[in-house]
Amino acid sequence: MKINKETRDTLIEIAKDKNVLLEGNLLKIIEADEDDTEFKSYLQNCITQFQDKQKKRLQITKEIQSKNKQLESTFEKLRQSKDEAEKLRLEAEMAKEVVEQDLSNLQKKVQTELMGSIVKAALWVIMGVGVITTLMYIFAIMMHTETQVIGSTWSNLTGILLTNAFSIVGTIMGVKHIASTDKK
C-alpha cells in the first residue's frame with residue numbers, strides 16, 4: 001500500500017521530533033517508492049525497532065514463563081512439605097496419645113500394686129497385734145491370773161484394730177475411686 005506525500009512527511013517528522021515510529025502489521029503493507037530512500041530508510045528503521053521490541057517482549061515472556069514454572073515447582077514442593085508435615089503432626093499426636101495411655105496404665109498398675117502392698121502390710125500388722133493380744137489373753141486365762149483388765153484391753157484393742165483395718169481399706173478405695181473419676 002502506498003501512502004501520500006503528506007502522510008509520509010508527517011510520519012518522518014513525528015519520528016524525528018518525538019521518536020515515535022510505526023509498529024505492527026502496518027509495516028508489512030506500507031511500501032515506499034523506488035526512488036524515496038528517506039522513506040525506505042524510515043520504514044526499515046521502523047521494522048528493525050519493531051523486531052527488536054518483539055524480541056525483547058518475547059524474551060521477557062519466556063523469562064516470566066520460566067519463573068512461573070519455577071514458582072509452580074516451588075509451590076508444589078511447599079504443598080508436599082505441608083502435607084508431609086501435617087501427616088507427621090498427626091502421627092506425633094497419635095504416638096502421644098498411645099504414650100499417655102501407656103503411662104496412665106502404668107500409673108494405675110503401680111498404684112494398684114502399692115495399694116495392695118499397703119493393705120497387706122496393714123493387715124499383717126493388725127493380724128499380728130490381734131494374734132499376740134489373743135495369745136496373751138489365752139496365756140493369762142491358762143495361768144489362772146486376773147483376766148478382767150486383759151479381757152477389756154483385748155476387746156478394745158480388737159475393736160480398734162478392726163476399725164483401723166476398715167479405715168485403711170476405705171481410704172485406699174476412696175483414693176482409687178477419686179483417681180479414676182478425675183480423668184472422666
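Screening the chain for DSSP H helices whose Cα atoms reach 20 Å or more along their own axis and whose mean Kyte hydropathy is at least 0.0 gives 148-182. Treating r as the C-beta distance of Leu26 and Leu78 and R0 as 45 Å, the FRET efficiency rounds to 0.45. Spin-label model, Ala85 to Met143: label points 7 Å out along the Cα-to-beta-carbon direction sit 8.5 nm apart. For the stretch 78-184, relative contact order (Cα pairs under 8 Å, six or more residues apart, normalised by length) works out to 26 percent.
So if I place +1 on the C-beta of Lys and Arg and -1 on the C-beta of Asp and Glu, and nothing else carries charge, what would the dipole magnitude of the chain be about its Cα centre? I want it in debye, nearest 20.
Dipole of the chain, to the nearest 20 debye: 620 debye.
Please tell me the relative contact order of the stretch 5-182 in percent, rounded to the nearest whole number, where contacts are Cα pairs under 8 Å and at least six residues apart.
Here the relative contact order equals 13 percent.
Shown here for the stretch 1-92: GluC sites (Glu not before Pro) in loop regions (DSSP other than H, G, I, E, B) with at most 10 other Cβ atoms within 10 Å, namely Glu34. Pairs exceeding 23 Å between alpha-carbon atoms, taken from Lys2/Lys53; Lys56/Lys77; Lys2/Lys40; Lys18/Lys40: Lys2/Lys53; Lys56/Lys77. Put in line by how crowded their Cβ is, counting other Cβ atoms within 10 Å and starting with the fewest, Leu106, Leu11, Leu26 read Leu106, Leu26, Leu11. Between the listed residues Ser117, Leu11, Val129, the Cα displaced farthest toward the positive end of the dipole of the chain, a dipole computed from Cβ unit charges relative to the Cα centre, is found at Val129. Under a 5 Å amide H cut-off, with hydrogens placed 1.01 Å from N, Glu31 pairs with Lys2, Ile3 among residues at least 5 apart or on other chains.
Where q = 0.12, 0.14, 0.16, 0.20 Å⁻¹, what log10 of I(q)/I(0) comes from the Debye formula for the chain, counting one point per Cα? Ignoring solvent entirely, the Cα scatterers give -0.87, -0.95, -1.05, -1.24.
Every read-out reported here was derived from the displayed coordinates using simple, explicitly stated rules and does not represent laboratory data. Since we're looking at a predicted model, the values are computed, not measured. Cβ atoms come from the backbone with ideal geometry, glycine included; neighbour counts cover every protein chain shown.
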